[in-house]
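Let me begin by presenting the structure, written as C-alpha cells, before commenting on it.
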Amino acid sequence: MKIKACIFDLDGVIVDTAKYHFMAWKRLADELNIPFTENDNEQLKGVSRTTSLEIILRKGNKVYSDTEKQAMAMKKNEWYLVYCSTINETEILPGIKPFLDALKVNHILIGLGSASKNALLILDKLNLTSYFDAIVDGNKITEAKPNPMVFLKAATELNVEPMEAIVFEDAEAGVEAAIRGGFYAIGIGDPEILGKANLVLRSTNEIGMELLNLN
Ligand code: G6P
Ligand code: MG
C-alpha cells in the first residue's frame, strides 16, 4: 500500500514539551505531597489533562471535589504555559524539520494527532503550522488515546485510509491508538515501552523518507 500521509503526535515527537508537562505535573504532585517520578510520568504521555490528573491523584490517598480538581488542572496548565513561553524553532526535535520539508516536496500529506489543547499555540511558536494539511487536537476529540479517534479524525480530514498513513508516537497510549486504528505505527523512544509499534526508533534523528517504503 502506498503511503499518502504521515500523522504526527506533538509532545515528544515534534518538540520536547513532554519535559514541561512533567515539570508542571511534578510541581502539582509535590504541592499535594503525592510521590511522582519520571517513571510514573510515562502513563501520562498521550493522555488528556483530566485523565493525567486522575492518574496522579490515585497515587495519593485523598479525595478531591470536582471544583478542586478543575482548579488543579488549571494551575498545572498555567505553569505548563509559563514553561513553554520561550519555546521557539530551536526546540523542534532533530530530524523533524528536514523530514517535513521532504514530505512536502514528495506531496505526502501531513497531519497532527495530539491530545493537547495547547497544540495550535505550540505549533505556532515553532513556526510549523503551515506545514499541516490537517490538525486534530484535544479540542476536537471526545475520546482520548489509546482510543484511535484522534488519528482516525486526522485521516478523515486528510482523506486517506488508515492503512495509507504512518503515525509517529512517543507514548504507549499513542502507539496503541495508532495500532487500534489500523495505522502503521512508528514509536519514538524506548522499545520496552513502545513494543506494540510496527517499528521503534530511538530518536527523531532516525526519521527519514525511507520509512515510507517499509510497510
Ligand atoms: C499530550 C501529552 C500529555 C498531555 C496531553 C494534554 O498528549 O503527551 O502529556 O497531558 O497532551 O495536553 P494539554 O496541553 O491539553 O494539557
Ligand atoms: Mg507524545
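The values are calculated or read from the model by the stated rules, or taken from the named source; none is laboratory data. If you're wondering where the values come from, they're calculated on a predicted model, not measured in any experiment. Here Cβ is always computed from backbone atoms with ideal geometry, including for glycine, and neighbour counts include all displayed protein chains. Ligands, DNA and RNA are excluded from the accessible area calculation, which covers all protein heavy atoms including side chains. Shrake-Rupley method; radii C 1.70, N 1.55, O 1.52, S 1.80 Å.
Here residue 22 fulfils each of the conditions (1) over 17 Å from the mean Cα position of the chain (by Cα); (2) over 20 Å from residue 151 (Cα atoms) apart from (1).
Conditions tested, residue by residue: (1) within 20 Å of residue 43 (Cβ to Cβ); (2) not in a strand (DSSP E or B).
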| position | (1), (2) |
| --- | --- |
| 140 | no, yes |
| 143 | yes, yes |
| 150 | yes, yes |
| 178 | yes, yes |
| 186 | no, no |
| 191 | yes, yes |
| 194 | yes, yes |
| 197 | yes, yes |
| 210 | no, yes |
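Within segment 96-130, being open to solvent by 30 Å² or more (accessible area, probe 1.4 Å), outside any loop (DSSP other than H, G, I, E, B) and under 27 Å from residue 22 (Cα atoms) holds for 97, 120, 121, 124, 125, 129. In this entry, residue 1 passes the filter for residues that are open to solvent by 30 Å² or more (accessible area, probe 1.4 Å) and in a loop (DSSP other than H, G, I, E, B). Against the test of being without any contact (Cβ under 8 Å) to a residue 40 or more places away in the chain, closer than 15 Å to residue 48 by Cα, among the hydrophobic types (A, V, I, L, M, F, W, C) and buried (at least 16 other Cβ atoms within 10 Å of the Cβ), the options 179, 141, 186 yield a single qualifying residue, 141.
Go through segment 81-95 residue by residue and tally those that are more than 16 Å from ligand 1 (Cβ to nearest atom) and surrounded by 18 or more Cβ atoms within 10 Å (Cβ to Cβ).
1
Taken over segment 5-55, residues that are charged (D, E, K, R) and in contact with a strand residue (DSSP E or B) (Cβ under 6 Å, 6 or more places away or on another chain) amount to 1. The set of residues in segment 21-51 being assigned to a helix (DSSP H, G or I), under 20 Å from residue 87 (Cβ atoms) and open to solvent by less than 50 Å² (accessible area, probe 1.4 Å) consists of 21, 22, 24, 25, 41, 44. Quickly run through segment 52-80 and pick out the residues that are open to solvent by less than 30 Å² (accessible area, probe 1.4 Å), away from ligand 2 (no atom under 16 Å from the Cβ) and under 23 Å from residue 144 (Cα atoms). Residues satisfying the conditions are 53, 56, 57, 72, 73, 76, 77.
Considering segment 4-16, and only residues there that are more than 9 Å from the chain's Cα centre (by Cα) and part of a loop (DSSP other than H, G, I, E, B), the residue that is nearest to ligand 1 (Cβ to nearest atom) turns out to be 16.
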